[in-house]
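Novice: Following this message is one structure expressed as structure tokens.
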Amino acid sequence: MVWRKWNVILILLLANYIVFSLLAALVFPVAPISAPTHVVKPTFTPGARLLKQVDPLTYEFLTPSPSPTLTPRVTATRTLTATATLTATETITATETPTR
């Protein structure tokens, strides 16, 4: 086939798609979404139950339960000392000499 005839076939296919989609919308209308009028009741409703006293276990567990232990942490602190000398003149000047 010549290339020009392929264009015609493509246009006819698109036109058929549009025509058949419009016909399908008219023949099979979509029902509007409405709120449910009846809600199904649940089959199980949990209620409060009385607790029963249980006898203590008569055997010991093989593995002991873990218990928290405190481990001391070593923290290093650093202190810096500084000396200041003041001289009384017209203006006050201060000099700081850090020592380690």
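Every number in this text was worked out from the coordinates using simple rules, so none of it is lab data. Just so it is clear, the model here is predicted, and its values are computed rather than measured. As a convention, Cβ positions derive from the backbone with ideal geometry for all residues, glycine included, and neighbour counts pool all protein chains shown.
Novice: Would you please put 32-38, 8-14 in order of how densely packed they are, using the mean number of other Cβ atoms within 10 angstrom per residue and starting with the highest?
Specialist: Packing proxy ranking, top to bottom: 8-14, 32-38.
Novice: Can you compute 3J(HN,Hα) from phi for each residue in region 11-21, using the Karplus curve 6.51 cos²θ - 1.76 cosθ + 1.60 with θ = phi - 60°, rounded to whole Hz and x for Gly and Pro?
Specialist: Working through the residues one at a time gives 5, 5, 5, 5, 5, 4, 4, 5, 5, 5, 5 Hz.
Novice: Related question: When the chain is fully extended, how far beyond the present Cα-Cα distance does residue 75 get from residue 20, taking 0.36 nm per residue of separation?
Specialist: Extending this stretch completely gives an extra 11.6 nm.
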